[in-house]
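Shown next, in C-alpha cells, is the structure this report addresses.
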Amino acid sequence: MKNICLQEIQFQDETNITEVQLMRAGVFVHPFFEDFEITPEMFTSFKKNFDDNVKKIDLAVDYSHNSGEKAGGWIKEVILKENNTQLWILVDWTEAGRTAILGGEFKYLSADFSDNYTDNETGEKFGPTLNGAGLTNRPFIKDMKAVLSDPETDLSEDKKTAILKIIEDKPIEKDTK
C-alpha cells in the first residue's frame, strides 16, 4: 500500500466563493457614454465609504443588476489588493445565490457605483461610493477572475508539478535552499 503525504500541497477549495474580485483599475470605453477611468483613488474611496457605512444600508449582490429584486448575497467587506489596483469583496451568499454560482448560472460580478454619492437626507457628498454589485455573465470590465475560479488554472506551477508527480507515483523532491 502506498502512503501519500499532501501536507506540503494546499488545494484551493473550489466551492470557496466568499472572496471575489469586483473591479480592476483601468481606462474603459463605453459604447453609450464617455470613456472613463477607474483609479486606485476611487477604490480607496469605495472602501472608506463602505467601512463608514455612508449608504446606511447593507449592500446587496443582486442578479443581473436588478436591484429591485432578490439578493444573491450581501457584501461584508471591501478589500484593496495589488497596490490598490484591484477591488475585492467578501460576500455572504444566500442559498439561492450560491446555487446560481455553483450551478453555473452566473460566472462574474459587475460593480454598481456612484461617482459622487450624495446622501438623500443630508445632501452630504461622499465621492466614489459602491451601491452594490450584480451577478452577470457579461461584465463590462473584462479580464477579471470568475466568482468560481477554475482551481486547476489557479494552482501554482509548483503545486501542479507536485500533483502530477503524486499521480504518476514519482517522489517529490524537496527544495533544500
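Laboratory data are not the source of any read-out in this text; all were calculated from the coordinates shown. In this text, all values refer to a predicted model and were calculated from it rather than measured experimentally. No Cβ is skipped: glycine too gets one built from the backbone with ideal geometry, and neighbour counts run over all protein chains shown.
Estimate the FRET efficiency between Glu105 and Lys125 by the formula 1/(1 + (r/R0)^6), using the beta-carbon distance for r and 41 Å for R0, to the nearest 0.05. Kindly include the intermediate steps, with their values, before the conclusion.
Values: r = 37 Å, r/R0 = 0.91.
Computed FRET efficiency for Glu105 and Lys125 comes out at 0.65.
Report, in listed order, any pair from Lys107/Lys142; Lys56/Lys81; Lys76/Lys125; Lys56/Lys125 with a Cα-Cα distance greater than 20 Å.
Details: Lys107/Lys142 12 Å; Lys56/Lys81 25 Å; Lys76/Lys125 23 Å; Lys56/Lys125 14 Å.
Listed pairs above 20 Å: Lys56/Lys81; Lys76/Lys125.
Taking 22 Å as R0, compute the FRET efficiency from the Cβ-Cβ separation of Asp52 and Asn83 and round it to 0.05. Spell out each step's value before the answer.
Numbers: r = 22 Å, r/R0 = 1.02.
In this case the efficiency is close to 0.45.
Simple spin-label model, 7 Å along Cα-to-Cβ: Lys70 to Ser114 in nm?
2.8
So which GluC sites (Glu not before Pro) in the range 24-72 end up in coil per DSSP with only 12 or fewer other C-beta atoms within 10 Å? If you can, show how the numbers build up before the last one.
On the way: sites: Glu34, Glu37, Glu41, Glu69; in loops: Glu34, Glu69.
Passing both the DSSP loop test and the Cβ count: Glu34, Glu69.
Please list, ordered by chain and number, the residues whose modelled amide H lies under 5 Å from the amide H of Tyr63; skip anything fewer than 5 residues away on the same chain.
Distant-sequence amide H within range of Tyr63: Gly72, Leu135.
Through the Karplus equation 6.51 cos²θ - 1.76 cosθ + 1.60, θ set to phi - 60°, convert the phi angles of the range 43-52 into ³J(HN,Hα) values in whole Hz; use x for Gly and Pro.
Ordered by residue, 3J(HN,Hα) equals 4, 4, 5, 4, 5, 4, 5, 5, 4, 7 Hz.
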